[in-house]
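Heads up: the structure comes next, in structure tokens.
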Amino acid sequence: METVQQKFDVLSLLEDKIKRIQTGDGAIYLVGPIRLPVNLYGETVEFKWYSWMKSDKEMDDFTQVVAHLSSANLAELQQSSVLVYGDFEYEEDALIRMHSICHTGDIFGSKRCDCGFQLKQSMKMIAEHGTGALFYLANHEGRGIGLFSKAMAYILQENGLDTVEANESLGFADDTRNYDDAIQVLKALRSKPVTLITNNPKKLKALKESGLPVTGRTPLWGDVSEFNEKYLNTKVKKSGHMA
Ligand SMILES: [Zn+2]
């Protein structure tokens, strides 16, 4: 009997959709675009979706990547992805958002932070602008401390510490997030200028230092409530966010 592999030439189906991005210390494999219709505030908006992962020595080309998938245990190591809207490669000005994963805010709709609101709002801003990309950074939970540590940090916050104090008392630097891989992916998708949706000057700096043409930034505030007031104030007072 014919196997699925014989019936469909799996490698040739994937070949055109997998891109190898050479980096200083290895390579990133980017897969996509994939059509992704999204429910955005009750309307269906169509994005193009890509996911990426870093290769290791065993996965030197894309055929090896495919061969290793079933044993790579990828579900234990989250991958990042990007939602692209419009003619991202060629349009003159694109809006970019680098969104750090927030399990509690994005998935559960927690009001302890403003992440869920920022995620949806930046997707809306990008769609309304006509072109742009939302990078969803899976290794950025709790500003890079991870979900389990974030749970502990929340307990400390319930006892009076602010976000920065809580993270530091658990042995973390305030903000350990790194944008290098996302910037590499962005460069592979677009070389024209971008405007960054952010209140965070560190993100703007990382993007500018990468050599990518950056037109400027556009702020994103909103969804202030009694539950996240202190969290938002700490962002401005201690983490250098621009109000
Ligand atoms: Zn959050």
What FRET efficiency comes out for the pair Asn233/Asp56, r = Cβ-Cβ distance, R0 = 51 Å, nearest 0.05? 0.75
For Leu220, enumerate residues with amide H under 5 Å from its amide H, sequence gap 5+ or separate chain, H modeled in the peptide plane. Thr198, Asn199
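Mind listing which GluC sites (Glu not before Pro) in segment 25-125 are in a DSSP loop and have 14 or fewer other Cβ atoms within 10 Å?
Answer by residue number: Glu58, Glu89, Glu92.
On average, how much accessible surface per residue is there in segment 96-200, in Å², for a 1.4 Å probe, leaving out ligands, DNA and RNA?
Heavy-atom SASA per residue in segment 96-200 reads 39 Å².
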Pairwise FRET efficiency - Ser210 versus Glu91, Cβ, R0 = 25 Å, nearest 0.05: 0.80
Using the Karplus equation 6.51 cos²θ - 1.76 cosθ + 1.60 (θ = phi - 60°), what ³J(HN,Hα) coupling, rounded to whole Hz, does each residue of segment 23-30 give in order, writing x for Gly and Pro? 10, x, 10, x, 8, 10, 9, 10
In the chain, with Lys and Arg counted as +1 and Asp and Glu as -1 at Cβ, which of these residues, Trp49, Leu11, Thr163, has the Cα nearest the positive end of the dipole, that is, farthest along it? Thr163
In nm, give the distance between the simple-model label positions of Leu170 and Glu43, each being 7 Å from the Cα along the Cα-to-Cβ direction. 3.8 nm
Selection of GluC sites (Glu not before Pro), segment 198-243, meeting DSSP coil and at most 13 other Cβ within 10 Å: Glu226
Only bridges with both residues in the chain count here: give the DSSP antiparallel percent, nearest 5. 70 percent
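Provide the gained length on full extension for the span Ala75 to Lys120, in nm with one decimal, where the gain is 0.36 nm per separating residue minus the Cα-Cα distance.
Gain on stretching Ala75 to Lys120: 13.8 nm.
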If you roll a 1.4 Å probe over the chain with all protein chains in place, what percent of the accessible area is carbon or sulfur? 54 percent
My understanding is that a pair violates if its Cα-Cα distance is over 22 Å; which of Lys205/Lys237; Lys48/Lys150; Lys150/Lys208; Lys17/Lys187; Lys150/Lys235 do that in this structure? Lys48/Lys150; Lys150/Lys208
Can I get the semi-axes of segment 1-143's equivalent ellipsoid? Compute them from the C-alpha gyration tensor as square roots of 5 times the eigenvalues, in angstrom, largest first. 29, 19, 16
Simple spin-label estimate for Gln22 and Met152 in nanometres, 7 Å along Cα-Cβ: 4.2 nm
Got a sec to turn the phi values of segment 117-129 into Karplus ³J(HN,Hα) couplings, 6.51 cos²θ - 1.76 cosθ + 1.60 with θ = phi - 60°, whole Hz, x for Gly and Pro? 4, 4, 4, 5, 5, 6, 4, 5, 4, 5, 5, 5, 5
For a test of understanding, tell me how many lysine pairs in segment 51-138 have Cα atoms under 30 Å apart, given they are 8 or more places apart or on different chains. 4
For segment 163-243, whose charge dipole is built from +1 on Lys and Arg Cβ atoms and -1 on Asp and Glu Cβ atoms, the candidate among Ala188, Ala206, Pro219 with its Cα farthest towards the positive end is Ala188
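For the chain, what is Rg from Cα atoms divided by 2.2 N^0.38 Å, rounded to two decimals? Walk me through the numbers on the way to the answer.
Numbers: Rg = 19.2 Å, N = 243, 2.2 N^0.38 = 17.7 Å.
So the chain has a normalised radius of gyration of 1.08.
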Restricting segment 104-207 to trypsin sites (Lys or Arg not before Pro) in coil, as DSSP defines it, with at most 14 other Cβ within 10 Å: none
Could you please tell me the mean projected area of the C-alpha convex hull for segment 167-243, averaged over all directions and given in square nanometres to one decimal? 6.3 nm²
What is the antiparallel percent of DSSP beta bridges lying wholly in segment 86-213, to the nearest 5? 0 percent
How large is ³J(HN,Hα) for each residue in segment 91-104, as worked out from phi by the Karplus curve 6.51 cos²θ - 1.76 cosθ + 1.60 (θ = phi - 60°), to whole Hz, x for Gly and Pro? 4, 5, 10, 10, 8, 10, 10, 9, 9, 7, 3, 9, 3, 6
Starting from one equal scatterer on each C-alpha and no solvent at all, send me the Debye-based log10 I(q)/I(0) for segment 105-243 at q = 0.20, 0.22 Å⁻¹, two decimals. -1.39, -1.61
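The values are calculated or read from the model by the stated rules, or taken from the named source; none is laboratory data. On a predicted model such as this, the values are computed, not experimentally measured, just so you know. Every residue, glycine among them, receives a Cβ derived from its backbone with ideal geometry; neighbour counts consider all protein chains shown. Accessible surface areas use protein heavy atoms only, side chains included; no ligands, DNA or RNA. Shrake-Rupley method; radii C 1.70, N 1.55, O 1.52, S 1.80 Å.
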